[in-house]
Every structure is written in structure tokens, then in C-alpha cells.
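All remarks here apply to the structure that follows.
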């Protein structure tokens, strides 16, 4: 059963520094998102209930993921 969204505060941030400062200020009581389609579904089912949402969609250069062979990691 889908429920309405739980109460939350919404913050738009335009730089990485702003987003990090905002996230840090909530000491684990916030969720970062950039679109949030999957997060909204989880919230409606109460599988996620963040009190604060920090939107990072407007931050330049956070719109892609790039694999760097020199840095390692998994593809």
C-alpha cells in the first residue's frame, strides 16, 4: 500500500561545498539525492524516512560517473 510522503525539509544546494556543509549540519539526519525517483517510492512505502532532503542536481559536474583506470576500482 502506498502512503503519502512523510514530512521532510527540502534544501537545494548549488555547490559541493554547500551540499557538504548542509549534510554535515544534520549529522546523519539527511539524504542526498539528484532526481529522487527511487527515493520517493521508498519514502511512500516508509522504507526510507529522511527528515531532510538535500538536492544536488543543480551542482555542475555531478551529472555523470567516470571510470578512471589509474584510480582503480570496479567497472
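The calculated FRET efficiency for residue 42 paired with residue 70, based on their beta-carbon distance and R0 = 35 Å, is about 0.50.
Counting only alpha carbon atoms, the long axis of helix 16-25 and the longest principal axis of the chain meet at about 40°.
Taking 16 Å as the cut-off, the amide N atoms of the range 31-70 that come nearer than this to a point 7 Å along the Cα-to-beta-carbon line of residue 17 belong to 59-60. When 37, 15 are arranged by Cβ crowding within 10 Å, least crowded first, meaning fewest neighbours, the order is 37, 15.
The numbers here are math on the coordinates, done by the rules we state, and not lab data. Just so you know, these numbers come straight off a predicted model, no measurement behind them. Quick reminder, even Gly has a Cβ in these numbers, built from the backbone with ideal geometry, and neighbours come from all protein chains shown.
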